[in-house]
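Please read through the structure below; I'll follow up with questions.
The values are calculated or read from the model by the stated rules, or taken from the named source; none is laboratory data. The structure displayed is predicted, hence computed values, not measured ones. Every residue, glycine as well, gets a Cβ built from its backbone with ideal geometry; the counts of neighbours run over all protein chains shown.
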Amino acid sequence: MPTAEGCAGRRRRLWDALPSPCDALVINDPRHLTYLAGYAPSPFTFRTASGGAVLVLFPDRSVLVGDNLLRPFLDEAHVDEIAAPTWYDGRTSPEARDDVLWSAVIDLLARGGVVHLGVERTRLPLTIAAGLGAITPVEIAPTLRAMRRTKDPDEVAAIRRALRAADAGMAAALREVRPGMSEMEAFRIIERAATEAMGERAFIYGDFVSGPELTRRLGPPSARTMEAGDPFLMDFSVVVNGYRGDTANTMVIGGRPTAEARRRHDACLAALAAGERALKPGTACRAIDEAMRRAFREAGGDPDVAGHFGHGIGLDHPEAPFIVAESDEVLRVGDVVTLEPGQYGLPWGGMRVERNYRVDENGPEALSGHEVRMF
């Protein structure tokens, strides 16, 4: 969970980094509500099904606005004030939920005499312009995106917690998944172990696919029954208060990989190691991609795999920096990235391995703890 100190520090840095002076800032991107206020409502309750919130920042205070049904989550946020107008009282039919939210925001801004208003791109509702009249919008989304590249300690702690849960899920799969199980049954093993490690219900998404189909099918688990010798790709994220890691492994069901599968897996490990060695501040992301493809070539794998070999991870998936062949980005201290080399092809199916790292002054700090093995 983002801390009060971390959120306050990020808000101060945002004011210092604005492209031009502002009287107030209006923020309603859910990722930025977490980033700047620690607001992370549960997706597992009716209260949040259609409810949004807005963070209004003035130079001297922060105000989080959301309706009365969101109060339990608003109260856990790290802000100076809460505004929770009543939308639904359980007795009368409510008006449109967004209208209540934005009316409260307009009232706040009108009392503050706002002229220059910082807004996120395409996120300035017409209701604000209509309610306030003459305002000058200042776009702040690029500033927020640039800030999010460098992860603060509380953000890294949230990512670590997400990855510990993912590690538990991966370990359970290696122990318990057997021939004759469906992909869905295997997913349930992973989900249960990750949830137990979290100590609360976890939101998990990713790729859970098996057999030759994983060369052309990615996404949620199906009812497909897995047979001995099938590759089973597990590439997933556990989300903790909006933050996540990104972890992957490919196991062979029944523990009997073919010689070709072993060779390809060894090539993936060689590419992963080459990428790790290149994770240093100042390294061009395209150079990391080149190093991993060179390792594939030297290990007898396919160096021309389509797609990325890594990317940033945190509040988004994927996010900057992007480790791709034509990237123009350079690694910075504070980046949290994932490396995910893979090999694909019939008849052996395919595979991908993945680990997460924080880039510090001396190179990579491993954040993932799961075993990268086939059985």
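Only one of ARG277, ARG263, ARG355 is at pLDDT below 95 and among the basic types (Lys, Arg); which?
Just one listed residue meets the conditions, ARG263.
Residue check: is ARG71 among the basic types (Lys, Arg), more than 19 Å from the chain's Cα centre (by Cα), surrounded by 17 or more Cβ atoms within 10 Å (Cβ to Cβ) and assigned to a helix (DSSP H, G or I)?
Details: among the basic types (Lys, Arg): yes; more than 19 Å from the chain's Cα centre (by Cα): yes; surrounded by 17 or more Cβ atoms within 10 Å (Cβ to Cβ): no; assigned to a helix (DSSP H, G or I): yes.
In short, no.
Which one is surrounded by the fewest Cβ atoms within 10 Å (Cβ to Cβ), of the residues in region 289-315 that are modelled with pLDDT under 95 and under 25 Å from LEU163 (Cβ atoms)?
For region 289-315, the residue satisfying everything is GLY307.
While we're on this one: Restricting attention to region 31-51, which residues are over 20 Å from ASP80 (Cβ atoms) and either in a loop (DSSP other than H, G, I, E, B) or touching a Phe, Trp or Tyr at 6+ places or on another chain (Cβ under 9 Å) (or both)?
If the condition is that a residue be over 20 Å from ASP80 (Cβ atoms) and either in a loop (DSSP other than H, G, I, E, B) or touching a Phe, Trp or Tyr at 6+ places or on another chain (Cβ under 9 Å) (or both), then SER42, PRO43, PHE44, THR45, ARG47, THR48, ALA49, SER50, GLY51 are the ones that fit.
Report whether or not ALA284 is closer than 14 Å to VAL353 by Cα and surrounded by 15 or more Cβ atoms within 10 Å (Cβ to Cβ).
No, not satisfied.
While we're on this one: Would you confirm whether or not region 119-132 contains a residue that is polar (S, T, N, Q), in a loop (DSSP other than H, G, I, E, B), modelled with pLDDT under 95 and surrounded by fewer than 16 Cβ atoms within 10 Å (Cβ to Cβ)?
There is at least one residue in region 119-132 that is polar (S, T, N, Q), in a loop (DSSP other than H, G, I, E, B), modelled with pLDDT under 95 and surrounded by fewer than 16 Cβ atoms within 10 Å (Cβ to Cβ).
What are the residue pairs meeting all of these: first residue in region 106-117, first residue of a type outside the set (Asp, Glu), second residue part of a helix (DSSP H, G or I) and modelled with pLDDT of 90 or more, Cβ atoms under 8 Å, and 6 or more apart or on different chains?
If the second residue must be part of a helix (DSSP H, G or I) and modelled with pLDDT of 90 or more, the pairs left are LEU117/LEU109.
Next question, about the same structure. From the list GLU185, GLU155, exactly one residue is in a helix (DSSP H, G or I) and more than 27 Å from LEU14 (Cα to Cα). Which is it?
GLU185
Now, a different point. THR195 fails exactly one of the following numbered conditions: (1) surrounded by fewer than 22 Cβ atoms within 10 Å (Cβ to Cβ); (2) touching a residue at least 40 places away in the same chain (Cβ under 8 Å); (3) not aromatic (Phe, Trp, Tyr). What is the number of that condition?
Only one criterion is unmet by THR195, namely (2).
Scan region 299-331 for residues that are in contact with a helix residue (DSSP H, G or I) (Cβ under 7 Å, 6 or more places away or on another chain) and over 24 Å from LYS151 (Cβ atoms) and jot them down.
ALA299, GLY300, GLY301, ASP302, PRO303, ALA325, GLU326 - these are the residues of region 299-331 that are in contact with a helix residue (DSSP H, G or I) (Cβ under 7 Å, 6 or more places away or on another chain) and over 24 Å from LYS151 (Cβ atoms).
Is there any pair linking a residue in region 21-49 that is on the phi > 0 side of the Ramachandran plot to one that is at pLDDT 95 or above and of a type in the set (Gly, Ala, Ser), with Cβ under 7 Å and at least six apart or on different chains, and which?
Going by the 7 Å Cβ cut-off, the qualifying pairs are GLY38/ALA77.
Condition first: over 24 Å from THR250 (Cβ atoms) and within 21 Å of the chain's Cα centre (by Cα). Can you find one or more residues in region 336-351 that meet it? Write out each step before concluding.
Quick first cut of region 336-351, residues over 24 Å from THR250 (Cβ atoms) only: none.
No, there is no match, as no residue in region 336-351 is over 24 Å from THR250 (Cβ atoms) and within 21 Å of the chain's Cα centre (by Cα).
crowded, with 22+ Cβ neighbours inside 10 Å, modelled with pLDDT of 95 or more and either closer than 18 Å to VAL353 by Cα or small (Gly, Ala, Ser) (or both) - does that describe any residue in region 148-162?
The answer is yes, given that some residue of region 148-162 is crowded, with 22+ Cβ neighbours inside 10 Å, modelled with pLDDT of 95 or more and either closer than 18 Å to VAL353 by Cα or small (Gly, Ala, Ser) (or both).
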